[in-house]
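K.L.:
Quick one: the structure is below, questions incoming.
Quick note: the coordinates plus some simple rules give every number you see, no bench work behind them. None of the values given here were measured: they were computed from a predicted structure. Glycine also receives a Cβ, built like all others from the backbone with ideal geometry; neighbour counts cover every protein chain displayed.
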Amino acid sequence: LGVDDGKGTIIARIKLHDPGPGYMHFPVDSERGYDTEYFKGLLSEKKVFEYKNGQTKEKWEKIYNRNEPLDCRNYASAAMEILNPNFDWLAEQEQRGNVYVQQQSTQRKRRRVRSRGVTA
């Protein structure tokens, strides 16, 4: 998982102003969890360049103590890339009424107790 590249992609996409490929959509309603604290966490790190032994090394530096929104967005983006869902096909299935509903799992078979050990 390229965590550094993922963070760079997220920061680049946040900067997009016009809807289109890569644009990030967020609900306006802060009641859904997308409040000021969330966005502080999403922007909690910045890329810095360190020069050491004549080499330039880039790293991410925390500028806010809570970075969970950035990490979660990064992991979710990686999962989306790995799964690569066909959204057109899924939308078509939904329009046809073919919506997947997880079945209630059947009751698991209980393990048989062979011995309760020695009792006094």
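K.L.:
Dipole size in debye (nearest 20) for the chain around its Cα centre, Lys and Arg Cβ +1, Asp and Glu Cβ -1? Please report the intermediate quantities before stating the final value.
P.N.:
On the way: 21 positive and 17 negative charges, 264 e Å.
The calculation lands at about 1260 debye.
K.L.:
Can you compute the helix-only [θ] at 222 nm over the chain? Use -39500 (n - 2.57) per DSSP H run of at least 4 residues, normalise by all residues, nearest 500 deg cm²/dmol. Don't jump to the answer; show the numbers that get you there.
P.N.:
Details: 4 runs with 44 residues, N = 120.
It lands at -11000 deg cm²/dmol.
K.L.:
Suppose R0 equals 22 Å. What FRET efficiency, 1/(1 + (r/R0)^6) with r the Cβ-Cβ distance, do Glu50 and Ile14 give to the nearest 0.05?
P.N.:
Working: r = 24 Å, r/R0 = 1.07.
Given R0 = 22 Å and the Cβ-Cβ separation, E is 0.40.
K.L.:
Using the 10 angstrom Cβ neighbour count as an exposure proxy, how do Trp89, Trp60 rank, fewest first? It would help to have the intermediate numbers written out before the result.
P.N.:
Details: Trp89 9, Trp60 17.
The most exposed by this proxy come first: Trp89, Trp60.
K.L.:
Add +1 for every Lys or Arg and -1 for every Asp or Glu among the other residues with Cβ under 12 Å from the Cβ of Trp60, and state the total.
P.N.:
On the way: positive: Lys7, Lys46, Lys47, Lys57, Lys59, Lys62; negative: Asp4, Asp5, Glu45, Glu50, Glu58, Glu61, Asp71.
Summing Lys and Arg as +1 and Asp and Glu as -1 gives -1.
K.L.:
Of (1) 1.01; (2) 1.23; (3) 1.71, which one was derived for Cα Rg over 2.2 N^0.38 Å from the structure shown?
P.N.:
(3)
K.L.:
Same structure again: Mind checking the angle between helix 3-14 and the chain's longest principal axis? C-alpha axes, 0 to 90 degrees, to the nearest 10.
P.N.:
Relative to the chain, helix 3-14 is tipped by roughly 70 degrees.
K.L.:
Mean separation of Cα pairs under 8 Å and 6+ residues apart, divided by the residue count of the chain: what relative contact order is that in percent?
P.N.:
Values: 78 pairs, mean separation 23.8, N = 120.
Value for the chain: 20 percent.
K.L.:
Please name whichever of Val28, Ser77, Gln103 sits farthest to the positive end of the charge dipole of the chain, dipole taken about the Cα centre and charges placed at Cβ: Lys and Arg +1, Asp and Glu -1.
P.N.:
Positive-end residue among those listed: Gln103.
K.L.:
How far is helix 68-83 tilted, in degrees, relative to the longest principal axis of the Cα atoms in the chain, given as a value from 0 to 90 rounded to the nearest 10?
P.N.:
Orientation of helix 68-83: about 70 degrees from the principal axis.
K.L.:
Stretch Gln95-Gln107 to full length: gain in nm at 0.36 nm per residue minus the Cα-Cα span? Before the final figure, lay out the partial values.
P.N.:
Details: separation 12, 0.36 × 12 = 4.32 nm, distance 3.28 nm.
Here the segment from Gln95 to Gln107 would lengthen by 1.0 nm.
K.L.:
Between Ser30, Ser44, Ser105, where does the largest GNM mean-square fluctuation fall for the chain, given springs only between Cα atoms within less than 10 Å?
P.N.:
Comparing Ser30, Ser44, Ser105 in the GNM, the peak value goes to Ser105.
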